[in-house]
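Here is the structure we will look at, set down as structure tokens.
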Amino acid sequence: MKAPIIPREIVPSVERVSASPARIAREFRALVDEGARLDVVGRARRDPMSLLRAGYTPKHRIDLFGTRFYLSNVRQNPELRFYVAYVVPPVAKGRRVKVHARIFYKDLSLIWRSASHMSYDHDGSLWIGKGDVRRKVLDRHTEYVESIESTTDLPFEMQHALESCMQGLRRVPGDGKILEQVLRRAPADRIEPYDDFVAPRRRAASNPRNRIHGGRSIATFVRPGDPSSLEFVPGYEPDFARGILERTTSQSKLYGGRLRRFRILSRNREVQYLFLAGRWQVWIVPPQATTTELSTYGVRTIDVVAADDVFLAGWEYHYFDPDLDPPGWYSQIPEGFVGRPCPVDPHKADASPWLDRLPVVREFRRKVLAR
């Protein structure tokens, strides 16, 4: 059965609900006490209420497109900073309310994401599932699977609210145990998400009218390896003149202090971009549709296809990996464009030699930052 057409709506970013943590906690407990079903896919699935008994009661609430997001206070482990989140999708009258426990975490590019699953590598290091996948063919004998990380990006419309939930915290407590309780643990060699993440996306895309540009790329490089050759499909380029929806600021030690964020629409209003400007770098978060349907993971069911190298973070992974066969450099920065080493993380380097040659970044600096 073909999916219905998903509505599109351009809305300002939402704020967290103005209520005390105690009131939010009481509201959530009342929701569960009144019969809402709490679904957990991790180890706590046999006793979902153990999450609340262990202290992961919500302290914040964000509402977007009819979905309610209840969030614990922020936690962290050596790899990431995160919330235990409870996603409550809209429900038809007379149907039972369902609550889905998830993990929302902050990525290197400073975008909040919803983890699709987790695993431990063979050396014991934590790996967070990064959403849907695609298969790439290198040659007749070699094919590999890679994550489409942007499929886990939470809506731009709630990114600022997620940041605001951390305001006033003097200390972020460490927590090395909760991830396995909430997230489904996959084998070490599996990067594919499970059906509860993928199925809503497949259903939404089954109606061609829901797909952005027919599911084809809206931004490509005419000459591979040449950032200056980037071209957008007409209509999908950022509208720096009349499409700037919001300007917000935050702080980042990694990026040198003050960080400016600009949410900008495409010319045809089908797509939205998030530009970030730090002390040294400008980079772009992968674009999102303006569709209003969210999955139980809190992410959009429709995504935007575009060349990955348009959306490198300001600091990207670049380091010598002795575990490669043979040992060698692992880099997410195109060859020949690696900048200086990151002063706070030896595994990262400056991607601005590539980013600053992208015509869209040059135009953003000229038309927006220089104003």
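Scanning the stretch 347-371 for residues being touching a strand residue (DSSP E or B) at 6+ places or on another chain (Cβ under 7 Å) and either in a loop (DSSP other than H, G, I, E, B) or buried (at least 17 other Cβ atoms within 10 Å of the Cβ) (or both) gives a total of 11. Number of residues in the stretch 108-131 that are surrounded by fewer than 19 Cβ atoms within 10 Å (Cβ to Cβ) and of a type in the set (D, E, K, R): the value is 2. Scan the stretch 164-187 and report the pairs whose first residue is of a type outside the set (D, E, K, R) and whose second residue is loosely packed, with under 15 Cβ neighbours inside 10 Å and part of a loop (DSSP other than H, G, I, E, B), with Cβ atoms within less than 9 Å and a gap of 6+ or a chain change. That search, which allows pairs on different chains as well, returns Ser164/Glu15; Met166/Val172; Gly174/Pro78; Gly176/Pro78; Ile178/Ala54; Gln181/Ala54; Ala186/Tyr194. Of all residues in the stretch 213-241, those that are over 28 Å from Gly336 (Cα atoms) and modelled with pLDDT of 95 or more have Cβ atoms under 6 Å from Cβ atoms of residues that are aliphatic (A, V, I, L, M) and not in a loop (DSSP other than H, G, I, E, B), 6 or more apart or on another chain, in Tyr236/Val271; Asp239/Leu265; Phe240/Val368.
A single member of Asp33, Asp63 is within 20 Å of the chain's Cα centre (by Cα) and more than 22 Å from Lys177 (Cα to Cα), and it is Asp63. In the set Ser72, Ser150, only one residue is without any contact (Cβ under 8 Å) to a residue 24 or more places away in the chain and surrounded by 18 or more Cβ atoms within 10 Å (Cβ to Cβ); that residue is Ser72. Comparison of Ala219, Ala199, Ala205 shows that the only residue that is of a type in the set (Gly, Ala, Ser), surrounded by 15 or more Cβ atoms within 10 Å (Cβ to Cβ), out of contact with any strand residue (DSSP E or B) (no Cβ under 7 Å at 6 or more places or on another chain) and within 30 Å of Ile5 (Cα to Cα) is Ala205.
The values are calculated or read from the model by the stated rules, or taken from the named source; none is laboratory data. Since we're looking at a predicted model, the values are computed, not measured. Cβ coordinates were reconstructed from backbone atoms using ideal geometry, including for glycine residues, and neighbour counts include every protein chain displayed.
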